[in-house]
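Heads up: the structure comes next, in structure tokens.
All of the numbers you see were taken from the coordinates with simple rules; none came from a lab. This structure is a prediction, so every number in the text was calculated from the model and none was measured. Backbone-built Cβ (ideal geometry, glycine too); neighbour counts: all protein chains shown.
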Amino acid sequence: MQKNYINLDLDPLVGGKYMLTVFHIVPKEGHDLLGTASEVASESSTGSNLRVGTATDFSDDLNAIVYKIDEEKNLAWIAYPWRIFDRGGNVQNLLTFVVGNVFGMSDVVALKALDCWMPKEMLEHYDGPSSTIQDLKKYLNIDGRPVLGTIVKPKIGLKAKEFAEVCYQFWSGGGDFVKFDEPQADQDFCPFNDCVDEIRLAMDRAEEETGDTKVMSFNISAPDFMMMQERGEYIKSKMKPGSYAFLVDGITAGWSAVQTARRLWPEVFIHFHRAGHGAFTRKENPIGFSVPFMTMMGRLSGASGMHTGTAGIGKMSGSKKEDITAAHAALFPESEGDYFKQEWHNIKGTCPIASGGLNPVLLKPYADAVGTTDFITTMGGGVHSHPGGTAAGAAALRQACTAWEEGIKLTEYAKDHEELQTAIDFYTEKVPYTKKYLE
Ligand code: CAP
Ligand code: MG
């Protein structure tokens, strides 16, 4: 028990001094919750496992403080003087404190950051998004509906011309937005610059034929930030302004990669892919952080859009409640978590990106669940496996969206929209979880 890290009478809102967090904590056998929480607070702020003689009154005032516990639910509320975090809006440093070493502590058998709250005084030091879903929709001339996207599949293995052809097919079928899959980068069989060049040709062709603007989300994640910058600048040199987004694998490339992209290119939509997040967020994992907590950090880091799951509808794990909480934490000016209500003040919204085992039949259930049209959906298998091919898959997606916008039952609307009818027949058979959503 480290008493210097406990104050159950603390007013956590005093003077906007603290970032507030709530953790699920299960102490190891024979340890109590309050004592263990104080060890977590110590290790994640100023302390160690022993009181050091070198501590000063000033350093003690920077201690994280356990200010509330719930022994029934194994919850502990910890207040962090946000002044301890690296100046200049560094999300990586914040995470190194709050969800860093503590994950390795032998005192705990479970430790998960569930929610957080940040005062206005703190938020003013962080970037948040610059380019937003509103900018993207303005470029795409979209109003009142989500951005309809796909991921080039197979996940890897297409040559540059083949890759671009998939983009062309989706765009020509009526799709708005294509993304690189999360590991697509600069492979020898699909050199990055060649891929960019071919995609520009494919986009010009699709725009010419459809009369619509299109967007490509290029994965610029790279072995170092210099190369990431090189890739981004090459795209800028070849693509029309507004026609591209930069995808960053925010967990594997890192939070600073996201912030670097946000700061190098404030005019570009920064697409935060969260591949790897399951190691922290899955409910089976006792150590980590929740999807809403992670998403709030993504918004703080300046992501314009971030994958937030499919609200229990698609192929990935993730509960409806948690994914919708995360989507709202990303987007809304005021979001309600399980433990805190966050006002985002100067921080613009990050749009939810719904992806993972979706197909045109599943657009409506997600759109109804998330309660906004300011989201992007990306369907890979659910478009490129369409019996009519990618363009037909895109057409089915557009038709499903129109049906939803006009409040027409999908099966009704499909009667005179053959790509959608084919999609319904195909996906209800091939993707069992689809059937229960069919109206
Ligand atoms: C989806 C996807 C996305 C995941 C990401 C994939 O493809 O491209 O990366 O959905 O998951 O590689 O699986 P499909 P999340 O549409 O073919 O499933 O959005 O949950 O981070
Ligand atoms: Mg993917």
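Some notes on this structure:
- DSSP beta bridges in the stretch 47-193 [antiparallel fraction, %, rounded to 5]: 65 percent
- Packing, taken as the mean count of other beta carbons within 10 Å per residue, orders the peptides 41-48, 304-311 from highest to lowest as 304-311, 41-48.
- q = 0.11, 0.22 Å⁻¹: log10 I(q)/I(0) that the Debye formula gives for the stretch 227-303, counting C-alpha atoms only: -0.32, -0.95
- Each residue of the stretch 350-360 is assigned a 3J(HN,Hα), and the resulting list reads 9, 7, x, 10, 9, 7, x, x, 8, 8, x Hz, derived from the Karplus form 6.51 cos²θ - 1.76 cosθ + 1.60 (θ = phi - 60°), x at Gly and Pro.
- Neighbour counts of C-beta atoms inside 10 Å place Asp338, Asp197 in the sequence Asp338, Asp197, starting with the fewest.
- The distance between label points at Asn101 and Asp212 comes to 5.3 nm (points 7 Å beyond Cα on the Cα→Cβ vector).
- Candidate lysines for bridging to Lys3, where Cα separation is under 26 Å - those fewer than 8 sequence places away on the same chain excluded: Lys17, Lys28, Lys68, Lys73, Lys112
- Counted over all Cα-Cα pairs of the chain, pairs farther apart than 43 Å make up 18 percent.
- Modelled spin labels at Asn193 and Glu267, positioned 7 Å past Cα toward Cβ, are 2.2 nm from each other.
- Span-like helix ranges in the chain, DSSP H, alpha carbon extent 27 angstrom or more, Kyte mean at least 1.0: none
- When peptides 167-173, 110-116 are sorted by average Cβ neighbour count within 10 Å, with the highest value leading, the order is 167-173, 110-116.
- Cα→Cβ-extended label distance, 7 Å offset, between Ile408 and Glu162, nm: 3.7 nm
- Going by neighbour counts of Cβ atoms within 10 Å, the residues Val370, Val431, Val361 line up, fewest first, as Val431, Val370, Val361.
- Share antiparallel - DSSP beta bridges, the stretch 133-430, percent rounded to 5: 15 percent
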